[in-house]
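Quick notes on the structure that follows.
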Amino acid sequence: MGDSLTRYQYLDLVYFLSHNGTWPSPDDTPNMVLENTHKNGWVQFFNFTNAALRPYEQCDCFRLHSAIKAVENRYFYDPERNNSVTYLQKFGMYPFKSSWHVTDVYKEHELVQLPLALSFVHKDLDWADAIRDFVCHMSPKPSVFIFNAGIWADHDLVNVQMQERIVEALQECQIVSMYKTTTKMSDQLNQTWDEYEQQLCNLTDYCMDLRWTAIIPEEHFWDTKHFREPIYSMMNIQLLSLLTSSNLIESFETVS
């Protein structure tokens with residue numbers, strides 16, 4: 001769960017899972033992890049990425065101009081390989097939204113193309129409420145919940161009570177918690193982290209430390225916040241290594 005920093009890592013991972021262990025190429029145009037290569041905007045980006053992941057992904061997705069009014073929740077499920085990966089969009093302090101009931105997320109859906117076709121059944125859920133009222137009721141239920149608030153001036157993960165509520169909500173439905181530290185912007189060259197990130201890494205079951213992104217050369221950014229490949233693939237190799245070494249998955253073969 002998170003913003004665009006998490007979206008592109010999700011897209012890279014599920015492409016790998018659905019294309020026989022092949023990572024997305026940095027040279028493809030349009031590109032899975034470069035929204036700016038989709039000249040007709042967000043509708044084209046959603047159509048392209050969702051089509052590349054068929055028949056495994058359902059995309060509760062629509063966006064025109066305002067990020068705050070957008071919805072982008074992606075549900076990848078491959079029953080043959082027993083792989084399920086979900087991306088739930090949450091921008092900073094803004095609430096989680098869904099236009100689908102949790103019981104319907106793996107049913108066949110058409111992508112929304114016009115704003116009049118969009119309506120929300122969930123629209124005011126904070127981190128902990130989204131976990132209790134939505135994530136815990138997914139089937140298959142996630143075994144690991146990975147979260148990051150992204151690069152927002154205002155976000156409630158700095159609140160210690162919210163940190164505790166998130167972990168408690170996950171414990172209640174027996175989902176492993178993993179905090180993913182915020183990737184560095186192109187001008188952030190110091191491998192430090194904020195106090196709230198240290199707190200979350202101490203509080204959650206596991207921590208995915210991405211402070212190494214401070215040393216990524218500028219040519220691997222496509223704007224100040226987002227990366228070109230193979231950076232997201234490198235992040236996912238780190239994630240898969242963390243999952244296997246922690247016995248959260250049995251081996252790389254179980255997710256390839």
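Report yes if GLY41 is over 15 Å from the mean Cα position of the chain (by Cα) and within 18 Å of SER4 (Cα to Cα), otherwise no. For GLY41, the condition - over 15 Å from the mean Cα position of the chain (by Cα) and within 18 Å of SER4 (Cα to Cα) - is met. Can you tell me which residues in the stretch 126-155 are under 21 Å from TYR106 (Cα atoms) and polar (S, T, N, Q)? Correct list: SER139, SER143.
Can you name every residue in the stretch 93-124 that is β-branched (Val, Ile, Thr) and either in contact (Cβ under 8 Å) with a residue 40 or more places away in the chain or in contact with a Gly (Cβ under 9 Å, 6 or more places away or on another chain) (or both)? Across the stretch 93-124, the qualifying residues are VAL105, VAL112.
The criterion of being touching a residue at least 40 places away in the same chain (Cβ under 8 Å) and buried (at least 16 other Cβ atoms within 10 Å of the Cβ) does not hold for ILE166.
Scanning the stretch 51-61 for residues that are of a type in the set (A, V, I, L, M, F, W, C) and either modelled with pLDDT under 95 or assigned to a loop (DSSP other than H, G, I, E, B) (or both) yields a total of 1. Against the test of being of a type in the set (Lys, Arg), under 30 Å from ASP28 (Cβ atoms), in contact with a Pro (Cβ under 7 Å, 6 or more places away or on another chain) and surrounded by 15 or more Cβ atoms within 10 Å (Cβ to Cβ), the options ARG228, ARG211 yield a single qualifying residue, ARG228. Checking each residue in the stretch 178-204 for being assigned to a loop (DSSP other than H, G, I, E, B), at pLDDT 95 or above and farther than 18 Å from TRP222 by Cβ picks out THR181, THR204.
Restricting the first member to the stretch 146-163 and to residues that are without any contact (Cβ under 8 Å) to a residue 40 or more places away in the chain, and the second to residues that are polar (S, T, N, Q) and surrounded by fewer than 18 Cβ atoms within 10 Å (Cβ to Cβ), the beta-carbon pairs closer than 7 Å and six or more apart or on different chains are VAL160/GLN199.
Taking each residue of the stretch 5-16 that is under 18 Å from ARG81 (Cα atoms) and looking for partners that are of a type in the set (Gly, Ala, Ser) with beta-carbon atoms closer than 8 Å, six or more apart or interchain, yields ASP12/SER233; TYR15/ALA52; PHE16/SER233; PHE16/SER256.
The values are calculated or read from the model by the stated rules, or taken from the named source; none is laboratory data. The shown structure was predicted, so the numbers you read here are calculated from the model rather than taken from an experiment. Glycine also receives a Cβ, built like all others from the backbone with ideal geometry; neighbour counts cover every protein chain displayed.
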